[in-house]
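What follows is a short report on a single structure.
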Amino acid sequence: MDSQSQPVRPDFTKVRYVFFDLDDTLIDHKRAQERALVDVWTQYTELQQVDPLELASQFARINYRLWEAYRNSEVGQSELRRLRFEQTFRQLGVQAPDWREVDQVYMECYARHWDWIPGARDALIQVSRKYPTGIVTNGFTFVQKKKFEYFSLNRHTRDLIISEEVGHLKPHPRIFEFAAEKAGVKPSSLLYVGDSYVSDIAGAHSCDWKTAWYHKGDRLPDPNLADLIFSSYTDLLDALEVPHKP
Ligand SMILES: [Mg+2]
């Protein structure tokens, strides 16, 4: 790792509030999505002429691109839910089952595979004993609210903020400004913890927040705007001088 772009000890002494991203920061969304698509594959013989992991990877690629379009208000929510299946089936050249039915099966299976990122639950609990904490998440309100409930996130967090309710998705400054207003803390005393460099780190940094990037890869952007890069939650706890275990 480039020592020039990674401060050894980020200065988090002025932090007064910690906001977390949800998907792939606290909750393992990618794994749940992949497993749900394998479940979908097992239920539809039309899909079984392709490899289930090929289905999952095409869906992930198409879904990512459609979320970009959703963020730019180029497609709506129901259009996104339709197109991500229709385009995946077309790309794979498979006879398409009705997308509404597949979407329903997918959503049910997706929820069955929800689980924490390793170390994230304990870290959230420990951080919440020292700081007020919150969640700022892009995503559909009806799905994210179920996650809040399933993981009892209101027990450890004060503010649960969903992009759809604010009207802007990260990295739009308005969602970070909205969160800062709710927290009642000036931006330079806010820390944002997230896995997306563009949505989370660059977005929060541009609003003058401190940032901690949950990142497992080796490649770093240049310049790197993250105050901390961590791949294990113990490193985040150390940087915040928070004990590891309850
Ligand atoms: Mg994320």
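The values are calculated or read from the model by the stated rules, or taken from the named source; none is laboratory data. Note that this is a predicted model, so its numbers are computed, not measured. We place every Cβ from the backbone using ideal geometry, glycine too, and count neighbours over all the protein chains shown. Only protein heavy atoms, including side chains, enter the accessible area calculation; ligands, DNA and RNA are left aside. Shrake-Rupley method; radii C 1.70, N 1.55, O 1.52, S 1.80 Å.
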Check: Can residue 170 be described as part of a loop (DSSP other than H, G, I, E, B) and among the basic types (Lys, Arg)?
Finding: yes
Check: Going through segment 137-175 one residue at a time, which ones are closer than 16 Å to residue 76 by Cα, away from the ligand (no atom under 13 Å from the Cβ) and among the hydroxyl-bearing types (Ser, Thr, Tyr)?
Finding: 141
Margin query: Between 127, 102, which is in contact (Cβ under 8 Å) with a residue 40 or more places away in the chain, out of contact with any Lys or Arg (no Cβ under 9 Å at 6 or more places or on another chain) and closer than 30 Å to residue 155 by Cβ?
Written below: 127
Note to self: Checking the structure you have, find out if any residue of segment 139-156 is of a type in the set (Lys, Arg), buried (at least 17 other Cβ atoms within 10 Å of the Cβ) and closer than 21 Å to residue 33 by Cα.
What the structure shows: yes
Margin query: residue 103 - would you say it is part of a helix (DSSP H, G or I), away from the ligand (no atom under 16 Å from the Cβ) and outside the structural domain of residue 149 (by TED's automatic domain parsing)?
Written below: yes
Note to self: For segment 67-75, check the following and say yes or no: at least one residue is out of contact with any Asp or Glu (no Cβ under 9 Å at 6 or more places or on another chain) and closer than 28 Å to residue 154 by Cβ.
What the structure shows: yes
Item checked: Scan of segment 197-215 for residues that are open to solvent by 40 Å² or more (accessible area, probe 1.4 Å) and either within 14 Å of the chain's Cα centre (by Cα) or in contact (Cβ under 8 Å) with a residue 60 or more places away in the chain (or both), ordered by number -> 197, 198, 210
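One line per residue, one yes/no per condition, for (1) among the basic types (Lys, Arg); (2) within 16 Å of the ligand (Cβ to nearest atom); (3) at pLDDT 95 or above; (4) buried (at least 19 other Cβ atoms within 10 Å of the Cβ):
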{"position": "8", "(1), (2), (3), (4)": "no, no, no, no"}
{"position": "11", "(1), (2), (3), (4)": "no, no, no, no"}
{"position": "30", "(1), (2), (3), (4)": "yes, yes, yes, no"}
{"position": "33", "(1), (2), (3), (4)": "no, yes, yes, yes"}
{"position": "50", "(1), (2), (3), (4)": "no, no, yes, no"}
{"position": "60", "(1), (2), (3), (4)": "no, yes, yes, no"}
Notebook entry, point to check: Of the residues 215, 205, which is touching a strand residue (DSSP E or B) at 6+ places or on another chain (Cβ under 8 Å) and more than 15 Å from the ligand (Cβ to nearest atom)?
Noted result: 205
